[in-house]
Amino acid sequence: MNRVSFTTASSLVLCSIAIGHAQERRFTGSRACAQCHPDEYRKQSATAHGRALYPAITHPLISRVDAKAERRSNYDFRFGLRSGEFRVSVSDEKDVIHVPLQWAFGAGAQAVTFVGRIDRDWYVENFFSYYPGIGKLAVTPGQQSIEPKTLPEAVGLVYRATDPREGVVRCFRCHSTGPIETAGPAINPSETGVHCEACHGPGSEHVRTSTPKLIENPRRLKAAALNDFCGECHRPPAAQGTQINWNFSWNVRHQPVYLSQSACFRKSSGALSCLTCHPPHEPLRHEVSYYNGICGSCHASIHAGGSRMTNCIDCHMPRVTPQAPLRFTNHWIGVYGAGAHLKPISYE
């Protein structure tokens, strides 16, 4: 789960001007969008964005997590569905505690991380996440070095609920759509997953009038602005004067940060953006020919002749594994040396 999130894209467009008079715009939910845009709704709902958050008991992979995890220090973990809830039981030689895990963060393309509410003010990110790539539970990213001294500490990393800097509500904001209710005893998102209004803004006036200008469209943004826009949740390019540790493999998961360093991005006069390779209403593409075609639209002659490349991405956007089995594509497009996947040797 990404602990450092930012103001949601939708919060940038909370208010707008209706035709002829001021009109507050409200979130309607993606099903309202589906009435006029059924194909976009269907495809987008199948993306990892659309499946970024579930109540734990409804996650499509939850039945695979009815299992005993590996032993951690002196503690044993058992996960499973019990009496209509998903929970983890953590025990030592003397005691056992049962902790309900209400939320599952992540579609499962990489991992699924479980979060539970301790009380109104505190949430816990469980020590174990489920990794479909290996079909089992393993340590949650960011918790590898934590050594618990008590049974409650063994459950996982504790967060305040609504702290403006470190609260778990920031995770909900990047994994859901619309306003988040925090006044009650628990955090409640309006719509789980990242759907239409996370990028297009509140849609009530657009639904009411069918007026295109009453809905936001990120495609109208220039490439650099779009990079910042996507970076609201994927981490924006570093502010001037901020140092990035390019040798820290975990940073590779922040795609806008790395794309902003690429000559292909900087010298394309705005032609290359996130949307060049990633249509927002479609699941992530994996075909080599698809990405080769995009690269070839500008670099058709680079590998002409006998040395013609068969896979642009593997050489110029290598995959990085900061923790097995996770793999992130390095979006700093460049020429990499043998075995070097973090920083290119040539990128001008």
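Every read-out reported here was derived from the displayed coordinates using simple, explicitly stated rules and does not represent laboratory data. Note that the coordinates shown come from a computational prediction; the quantities given were computed from them, not determined experimentally. A quick note on method: Cβ atoms are made from the backbone with ideal geometry, for glycine too, and the neighbour counts reach across all protein chains shown.
For beta carbons closer than 6 Å, sequence separation of 6+ or different chains, a first residue in the stretch 38-55 that is within 16 Å of Cys233 (Cβ to Cβ) and a second that is in a helix (DSSP H, G or I), the qualifying pairs are Gly50/Gln44; Ala52/His175; Leu53/His175.
The helices (runs of 4 or more DSSP H) located wholly in the stretch 210-299 that include 1 or more residues which are touching a residue at least 12 places away in the same chain (Cβ under 8 Å), buried (at least 20 other Cβ atoms within 10 Å of the Cβ) and under 16 Å from the mean Cα position of the chain (by Cα) occupy 223-234, 255-259, 274-277.
Would you point out the residue of the stretch 122-148, among those that are among the polar types (S, T, N, Q) and in a strand (DSSP E or B), that is farthest from Val168 (Cα to Cα)? Out of the qualifying residues, it is Ser129.
The set of residues from the stretch 38-51 being surrounded by 15 or more Cβ atoms within 10 Å (Cβ to Cβ) and touching a helix residue (DSSP H, G or I) at 6+ places or on another chain (Cβ under 9 Å) comprises Glu40, Tyr41, Gln44, Ser45, His49, Gly50, Arg51. Among the residues here, Ser145 does not qualify as out of contact with any helix residue (DSSP H, G or I) (no Cβ under 9 Å at 6 or more places or on another chain) and at positive phi. Answer with yes or no whether Tyr258 is of a type in the set (Phe, Trp, Tyr), touching a Phe, Trp or Tyr at 6+ places or on another chain (Cβ under 6 Å) and at negative phi. Yes, satisfied. Scanning the stretch 164-188 for residues that are part of a helix (DSSP H, G or I) and among the β-branched types (Val, Ile, Thr) turns up just one, Val169.
In the stretch 114-139, the residues that are at negative phi form Cβ pairs under 8 Å with partners that are acidic (Asp, Glu) and in a strand (DSSP E or B), at six or more places apart or across chains, as follows: Phe114/Glu125; Val115/Glu125. Residues that are charged (D, E, K, R) number at least 2 in the following strands (runs of 3 or more DSSP E) confined to the stretch 24-121: 76-82, 85-91.
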